[in-house]
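A quick write-up on the structure given underneath.
The values are calculated or read from the model by the stated rules, or taken from the named source; none is laboratory data. The structure presented is a predicted model; accordingly, all values stated were derived computationally and were not measured. With ideal geometry, Cβ positions are generated from the backbone for all residues, glycine too; neighbour counts draw on all protein chains shown. Surface areas here come from the heavy atoms of the whole protein model, side chains and all, with no ligands, DNA or RNA. Shrake-Rupley method; radii C 1.70, N 1.55, O 1.52, S 1.80 Å.
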Amino acid sequence: MTIKIVDGKIETALYAKPLALYLYIPPHSCHSPGVHPGLIFGNVLRIYQLCSRQEDIDKELCLFMNRILDRGYQLKNIQPIFARAIRNAMQYLSNSEQYRLQLKAQKAEESRNQVYYHLPYHPDNPSSAQIQQLWRQHVSTPAGKIPLNQL
């Protein structure tokens, strides 16, 4: 990150090493489908959080889009994700810091009541919705038995 004082105000922008390779996850890698949008959402939010001037935000968004296009992503697939990610970042950053901390605490509380079951992703595996349904049906809340969270 670069930090400058311009006209008595602090301005921030992203800094990249000249030899950075930007080896983002390629689109055809065997990662779960949510990883690729997450890559875009996370980097867009990072750009919005670390750049103080709109010109820098626009420049960094264009650079990021070109870098993932160079990795093999298709423009028609990533444009709607970029649009959602930009709306999401602007919405998130329009909230007060107190509200963001409250959301973070709420998510942490909710996660304490969850059980995580992790399987390595494979495209031929059952969908997460099917696994979740089976979990609820046979483990979490089986018919005629005490629910797992009441044991």
Give the number of residues within the range 75-85 that are open to solvent by 50 Å² or more (accessible area, probe 1.4 Å), touching a residue at least 24 places away in the same chain (Cβ under 8 Å) and either touching an Asp or Glu at 6+ places or on another chain (Cβ under 6 Å) or closer than 21 Å to residue 57 by Cα (or both). 1
Do we find that residue 46 is surrounded by 10 or more Cβ atoms within 10 Å (Cβ to Cβ), within 15 Å of the chain's Cα centre (by Cα), more than 13 Å from residue 82 (Cβ to Cβ) and modelled with pLDDT of 95 or more in this structure? yes
Filtering the range 59-74 down to residues that are open to solvent by 30 Å² or more (accessible area, probe 1.4 Å), under 19 Å from the mean Cα position of the chain (by Cα) and without any contact (Cβ under 8 Å) to a residue 40 or more places away in the chain yields 62, 63, 65, 66, 69
Could we say that residue 131 is exposed (fewer than 12 other Cβ atoms within 10 Å of the Cβ), of a type in the set (Val, Ile, Thr), without any contact (Cβ under 8 Å) to a residue 40 or more places away in the chain and out of contact with any Gly (no Cβ under 6 Å at 6 or more places or on another chain) here? no
Could we say that residue 22 is among the aromatic types (Phe, Trp, Tyr) and closer than 30 Å to residue 123 by Cβ here? yes
Being aliphatic (A, V, I, L, M), free of Cβ contacts under 8 Å to residues at least 24 places away in the same chain, open to solvent by less than 100 Å² (accessible area, probe 1.4 Å) and more than 30 Å from residue 4 (Cα to Cα): is that true of residue 119 here? yes
Need the failing condition index for residue 56 against (1) over 16 Å from the mean Cα position of the chain (by Cα); (2) open to solvent by 50 Å² or more (accessible area, probe 1.4 Å); (3) charged (D, E, K, R), just the number. (2)
Only one of these conditions is not met by residue 32: (1) without any contact (Cβ under 8 Å) to a residue 60 or more places away in the chain; (2) of a type in the set (Gly, Ala, Ser); (3) surrounded by 10 or more Cβ atoms within 10 Å (Cβ to Cβ). Which number is it? (1)
Consider residue 98 carefully, then state whether it is farther than 26 Å from residue 25 by Cα and open to solvent by 50 Å² or more (accessible area, probe 1.4 Å). yes
Which pairs turn up if I take residues in the range 1-28 that are under 18 Å from residue 65 (Cα atoms) and look for partners that are among the small types (Gly, Ala, Ser) and surrounded by 10 or more Cβ atoms within 10 Å (Cβ to Cβ) with beta carbon separation below 8 Å, at least 6 apart in sequence or on another chain? 13/52; 26/72; 27/72; 28/72
Which condition breaks for residue 92 when tested against (1) open to solvent by less than 60 Å² (accessible area, probe 1.4 Å); (2) farther than 20 Å from residue 24 by Cα; (3) of a type in the set (Phe, Trp, Tyr)? (1)
Would the range 105-115 turn up any residue that is surrounded by fewer than 12 Cβ atoms within 10 Å (Cβ to Cβ), without any contact (Cβ under 8 Å) to a residue 24 or more places away in the chain and assigned to a loop (DSSP other than H, G, I, E, B)? yes
